[in-house]
Structure formats: C-alpha cells, structure tokens
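The values are calculated or read from the model by the stated rules, or taken from the named source; none is laboratory data. Being a predicted model, the structure only gives us computed values, none of them experimental. Ideal geometry is used to build each Cβ from the backbone, glycine not excepted, and the neighbour counts take in all protein chains shown. Keep in mind that these areas ignore ligands, DNA and RNA; they rest on the heavy atoms of the full protein, side chains included. Shrake-Rupley method; radii C 1.70, N 1.55, O 1.52, S 1.80 Å.
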Amino acid sequence: MDSWRPSVCPFDCPDTCGLLVRVEGGRAAAVKGDPQHPFTRGFLCQKMAQYPARVHHPQRLRAPLLRTGPKGSGQFKEISWDQALSLAAGKLGDTAEASGASSVLPYSYAGHMGHVHRNGGHAFFHKLGASKLGRTICSATASAGFAHGLGSGPSTDLSWSQYSDLIVIWGSNTLSTNLHAWPWFQEARKQGARLVVVDPYRNQTAAKADMHLMLRPGSDAALALGLMQVLIDEDLVDREYVAAHTLGFAELAQRAAQHPPETVARLTGVPAGQIVELGRAYGRAKAPFIRTGWGPARQLKGGMAMRAIALLPALVGAFGRRGGGIARSTGAGAYLDLAPLLAGELAPEGTPTVNMVELGRALAPDAPRPINLLWVYLSNPAVVAPDTSAVLKGLAREDLFLVCQEMFLTETARWADLVLPGASSLEMTDLYTAYGHRWVQMARPVIAPVGLSRSILAVFQEMAARLGFSEEVFRAGEEEIISWLLAGGSPCLEGVTLESLSSCRPLKADIPANPYAEGFLTPSGKVEFYSESLAALGLDPLPGGEPSRDDDHGGAYPLQLITPPREQFLNSTFNEVDLQRQRAGEASILLHPLDAAARGIKDGGRVRVFNARGECLLRAQVSDAVLPGVTVAEGLYWGAHTPGGAGINHLTSQALADLGGSSAFHCNQVEVAPVS
Ligand code: SF4
C-alpha cells in the first residue's frame, strides 16, 4: 500500500522543513515538502530529496560491529546488541575504575535535531560522572554577541522581512543554507525592496543581490562601525528611538568617529563609496531588515562582530517598524523545559567540561586530564572538528576505547573499537523546533528500524539498565519525555501539547515576529551600545573594529581561508550519497586571479593548500568572486573523497572565539601552491 506520511527534516538547518514521506512496502520510497507547512511551504532542498537513498543505502550500518583489525583499518565483525552493550558497559566500568569516570567523554552535536534523541544521552553521562562536553562549536559565539547588545531570546522572524524595503543578508549564503527564507525576501523585492549581500565571496546568493559588499573575512565589525559612522555623520540616526531605547550612544559615536569610510575601506577591502551607499540606504529605508548568518561569528573576534552588526537596527529605530529588525535565530527550542531530560543534577559537583572545539587537545596523550573512553554519536569529529590532524592522532591512541553510534562507517566510526548502528529520523518519535521559524512539530516513525539499528534514547536507556541506573529518565518513553518538555515550557507554548501535536502537523509557538518591539532582555532592558557586562569581563564595552587575524607565521601563510558550507552537503552528512558527491564535484578552492598568477596556478589545476597545521589537495577555481588575498573552500568532504585524503579541517585551528567558546572556523592563514 502506498501512502504519504508526515515527518520533519531532522538536520541542522534553520528551516526544519515539514516533510511528506511516501512509504512503499515498508520502505521510504520518496520525500517531498509538505505544502501545508506555513513556513517551508512545500519544497525541499536538493540534499533532503536524497534522504530515502541515504536511509536505505546499501552501506548503511545494520548491526553492531567490533573492531578486528588495527585501529582505523575499517576491519570489523558483526556482533549482537547484547554483546556490544555488555562490552561497552564493561569498558565504562573498567575505565572509571582505572582513571576516574571523568576520563569518559561523550561527544555529540546536532546530527539529529529532535530534542528527545539529540539530548537522549546527557542524563546517562551525568549519572556516570563523565566529563561534560561544551557543545559550543557552532552558534554560541553568535548568541553571546547578540546577548551583549540586544539581550538573549529570539530575534526577528524571517517572515517579517516581507514588509521590508531594504534587506541586508550579512554572512549567509541563503540560497544554500536557509533556502526557505528566500521566498519571503522575494516577496519584499516584488514590492520594491532592495537586496544587499555582505559576504567575503560572490556565492549564489550574492550573485542574485542588487548590491554585494565583498569584505575581507574577519572585518565585519569594522564594516558595521563604518556604517554607523555614515549614519551619524549624515544625521540618519533615529534620535527619538535612541534616546528612549538605548544606552551609551555618546560613547558609541566617539568610537564610530574613528571609523570613517576611507579607514574602513582599508580594513575591509570594501570601497568607501559602497560603504557610504549602504549606510545611506540603511538610514533612509523605512524598515531595514538584516539577516545575519553565522559566518561573521566564525572568527577569533566573532562575538564582537555579531554584537556590532546587531546594534545597527537600534541606531535607525528599525525595531519599531513593521518589516524592520534583525534575524539570527528564532524558534521555540529555548522555551522547552529540557531540565528533566538533561538531568544535570545527576552530575557530580566539579565535573570538568571539555570544549568540543578542543577535542584534539583533550585527546592528546599528554593532556592534563586523560580521556580514555570517547563515546561519539550524532557527530563526525574526524571531519567536522577543527585541526583534524590532532583529532586523528587522538582517535588513533591504542589506549583510547572509542564507541561510535552512526548510520554509516564514517571517518570517525572507522577508528572505533565498537560501532553501534543508529536509527534514522524516519524510525523514531521526536519533537522538533526550528531556529529559522516558529513552528513546532512532532514526528512518529514512518518505517520500521532498518536492520538492527536503534535510536539514541534506546541505546542509553539500555546502557543505564545494565549499569543499574534507576531514575525515571532512564525508563520514560519518547512521548512521555515530549510531554515533560512541553509541560514545563514557557507560556509561549501554551496549547502546544502532546495531544495537539499528535496529528504530526506543525503548530505555531506564540513568539512575536518582532520580539524586540516588546523590549530587550539585557541587564538594562535597553539596547546596550556600551555594555557594562563586557566591561566587567575585562572586554571592550564598545564595538571594536580591529579585524580577526590568524597567525601567518611571519608571512609564510599570506592568504586568508574561509570554509563555508557546500550546497550538496550538510556538514559532513550526505557525503555518503553518491549523487550528492557527483553534484558537489571535486573539493575546490576559490582564489583571485592575481593570487593565482603570482603562484603559477591555472584555473582547474590541482593545488596544495597548507599551513602549520596540515595540508590538503584541492582543485583551483580562479575567479574574481573573492578579493585578492582571500580564498574560499566550500564543504566538508570526507578525507576519503579527496585526492590527498585530507579534508579542509586539517587547516583550521582549535582556537576559540572571543565570546561563547565557538570555533573560529573562518580565521585561517594558508599558502597555496600548484601540484604538477
Ligand atoms: S536541510 Fe534544510 S532546507 Fe533541506 S530539507 Fe532539511 S530543513 Fe529543509
């Protein structure tokens, strides 16, 4: 019997699309967008269209595997779940006895965004006394930057942009990574809105803009200050709004005065004329709307960059106007009550935390605190964590026991001692919120588990039973947990209950489209141009324009490198799907014709990209779509799918951004040389 059943895209993407899955003979035969989803409106990206191929891929793991060959060799034999979980329980006990429970480290992130399973291992590791993982690799710096200017909480909803007359997309390749925002922008354009993109390269989105400001990576705060100076200098500031809703304008004006267009042009590479043009357009627009991606935050001074951008709407009073504001992250996730599922109270006092960006350091044999058992799920750190060489050295340690729960034998799973087959989102019940819209949805299984695969929650509950953990969280079912998350949630989830979600159709959380119209969750309740809380941390209380810089080792690595996503992959996911790899083509690096000519590099030629951390082989793409001195390598390819066997994170560092502890993925100095 054929049928289309509702589900939700589980991947780490702001859109969280409503899906319809056609099931034939117990298999997911096709997926399409749910036309009744009010935000995602019936279409999917090219990645998700391949989801059935991924779910039923012949190389999908279908049984637990035990390593039989040397570490990393990929040699395994199938074992039963009982054998696998007994072995894991024994190793956990032995490790805790030999080197303390804190020598166990879980490593997980957003390989699946459903709240039940994404968070389904935390209570287990807390009870065990394992080291905690600081899950800050992605969005924490952007959140912190915003929090120190506008306060925490949701930002302006993307759909609000339909009423805007000037949309500025700052550091987001919307057509690749936030596709369902585009129709709202197009609706505004039909009414006459202008679209401006600020980005270090001419990506698909920038190519469709009315104006593109191509800036050097890490110079976003300088550009924001330059725009502020134009607004102040040309009397385009909304003085009434500033007087009523902000703190520290006089100090900000002094700082902005140090950033006239010519100075900012030198710092950013953006011509002074374009800075003035955008400043004027922004100041004269009735309702300017900014969409920030995460790109500006992936810098050593990424928190400062996000803070500086976030302050712009307040200067012109945009928060008080229909269609005006700034979008970073919306959604109801922050309003759920995750505490009963996370069970943080079970963790012993003083349990250490490892920042996931610094996995390579944490796994080093001489690390101050040893990690002797690593349990990886919903992440692929051998590809996605920075400084891959350091991570791989750690994973290769003979004295490290590595458990990996995965759907495929990823580059991390290949190093595992024990591999557990993970279920796909189509095989489990979960609750989804989005960070790009305000709709909440539940999904139930639409197919039976493929092979012997099991969900995250099921595995950790079984492990808990083996270790004698008796708390309720280790016995509760998926729907019971969902009811906990909703029952203790904030009032904006009123009416969103297990029962009302049970049709698996989206329900809207009561979050305003323009939350900043209702005030700011800062200590002062106002927009803080001057931040006392940053001053108390010993940080610059005002926006600072000094660009982020990686160490270039005395000029040995003169080119800046950024590593944004590639349209065909979602982090390292979809590398497994042949068609997506074919569509993506060979891993490449974009560089300016002047830089190519200076190095004897031809368009399409193979090049070696290197710095003190490592090297990889890529295909040169020579174009003026970047500034001289800047290079761009899109996409997280598995090393196995690159000619040199090394992905781009061999070149990125474990350095942390200034606020929030995220990775500075886009702050790298490299050199590029032709390969004959
Ligand atoms: S990856 Fe994003 S755009 Fe693609 S289907 Fe999933 S939520 Fe939608």
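The listed peptides 424-437, 588-601, ordered by packing as a protection proxy, come out as 424-437, 588-601 (highest mean of other Cβ atoms within 10 Å first).
In plain terms, if you count all Cα to Cα distances in the range 409-469 and split them into 5 Å steps from zero, the share in each step is 4, 15, 16, 18, 19, 16, 9, 3, 0 percent.
For the pair Lys393 and Glu277, label points projected 7 Å from Cα toward Cβ lie 4.8 nm apart. Multiplying each eigenvalue of the alpha-carbon gyration tensor of the range 289-341 by 5 and taking the square root yields semi-axes of 24, 19, 9 Å, largest first, rounded to whole angstroms. At 20 °C and 1.002 mPa s, what whole-number value in µm²/s does Stokes-Einstein give for the translational diffusion of the range 1-127, with Rh from the Kirkwood sum over Cα pairs? It comes out at roughly 119 µm²/s.
Working note: Cα gyration tensor of the range 47-103, eigenvalues times five, square-rooted, sorted largest first, giving semi-axes of 30, 15, 12 Å. Counting protein heavy atoms only, the range 615-676 has 53 percent of its accessible area on carbon and sulfur, 1.4 angstrom probe. Considering all different alpha carbon pairs of the range 79-196, the Kirkwood hydrodynamic radius works out to 18.7 Å.
In this structure the amide hydrogen of Leu133, modeled in the peptide plane, comes within under 5 Å of the amide hydrogens of Val354, none closer than 5 places in sequence on its chain. Directionally averaged projected area (the range 320-418, Cα convex hull): 10.4 nm². Extension gain, Glu349-Arg583: 0.36 nm per intervening residue step, less the Cα-Cα distance, totals 79.3 nm. Proximity of backbone amide H atoms, modeled 1.01 Å from N, is registered between Glu406 and Leu420, Gly422 at under 5 Å, excluding neighbours fewer than 5 places apart on the same chain. Scaling against 2.2 N^0.38 Å puts the C-alpha radius of gyration of the range 261-389 at 1.55.
For Tyr109, the shell of other residues with beta-carbons less than 11 Å away shows a net charge of +1, using +1 for Lys and Arg and -1 for Asp and Glu. Per residue, the convex hull spanned by the Cα atoms of the range 371-455 measures out at 113 cubic angstrom.
Legend: P(r) of the range 527-676 from all alpha carbon pair distances, 10 Å bins from 0, whole percents, reading 11, 36, 30, 15, 8, 0. Plugging the Kirkwood radius over Cα pairs into Stokes-Einstein for the range 493-602, at a temperature of 4 °C and a viscosity of 1.567 mPa s, what D comes out in µm²/s? So the translational diffusion coefficient is about 62 µm²/s.
Taking 17 Å as the straight-line reach from the Cα of Lys286, the aspartates and glutamates in range (excluding those fewer than 8 positions away in the same chain) are Asp165, Glu187, Glu234, Asp235, Asp238, Glu240, Glu277. When Rg and the Kirkwood Rh are both derived from Cα coordinates, the Rg/Rh ratio for the chain amounts to 0.96. For the range 318-325, the Karplus equation 6.51 cos²θ - 1.76 cosθ + 1.60, evaluated at θ = phi - 60°, returns couplings of 5, 5, x, 10, 4, x, x, x Hz by residue, with Gly and Pro reported as x. The convex hull defined by the C-alpha atoms of the range 225-264 has an orientation-averaged projected area of 2.6 nm². Rounded to two decimals, the Cα-based Rg/Rh of the range 403-443, with Kirkwood Rh, is 1.17. Compactness of the range 634-676 is given as radius of gyration and Dmax, 12.9, 43 Å, from Cα positions. Across the range 199-213, rounded Karplus estimates of 3J(HN,Hα) from the backbone phi angles (6.51 cos²θ - 1.76 cosθ + 1.60, θ = phi - 60°) give 6, x, 9, 7, 7, 4, 5, 4, 5, 9, 7, 6, 8, 10, 9 Hz, Gly and Pro being marked x. P(r) for the range 136-291: what percent of alpha-carbon pairs falls in each 10 Å bin, starting at zero? Per 10 Å bin, starting at 0, the Cα pair percentages come out as 10, 36, 41, 13.
Were the residues from Gln204 through Asp540 laid out at 0.36 nm apart, the gain over their Cα-Cα distance would be 117.4 nm.
Under 17 Å of direct C-alpha separation, and excluding same-chain neighbours fewer than eight residues apart, Lys47 reaches these lysines: Lys32. Here the Karplus relation 6.51 cos²θ - 1.76 cosθ + 1.60, evaluated at θ = phi - 60°, turns the backbone of the range 451-467 into coupling constants of x, 9, 5, 9, 7, 4, 4, 4, 5, 6, 5, 5, 4, 4, 4, 5, 8 Hz, with x for every Gly and Pro. Measuring r between the beta carbons of His553 and Ser676 and using R0 = 41 Å, the FRET efficiency lands at 0.95.
Under the simplified labelling scheme, the Asp233-Leu342 pair shows an inter-label distance of 4.5 nm, with each label point 7 Å from Cα along Cα→Cβ. Charges were assigned to the Cβ only: +1 to each Lys and Arg, -1 to each Asp and Glu. The resulting dipole of the chain about its Cα centre is roughly 1400 debye.
Packing, as the average of other Cβ atoms within 10 Å across residues, places the peptides 453-464, 622-633, 656-667, 74-85 in the order 656-667, 453-464, 622-633, 74-85, highest first. Taken per residue, the accessible surface of the range 45-126 reaches 35 Å², heavy atoms only and a 1.4 Å probe. What fraction, in whole percent, of alpha-carbon pairs in the range 423-523 exceed 20 Å separation? Looking at the range 423-523, the distances longer than 20 Å represent 52 percent of pairs. For the pair Trp182 and Ser490, the difference between a 0.36 nm per residue extended length and the Cα-Cα distance amounts to 107.9 nm.
Counting only Cα atoms, the size of the range 186-274 along its three principal axes is 39, 34, 20 Å, in decreasing order.
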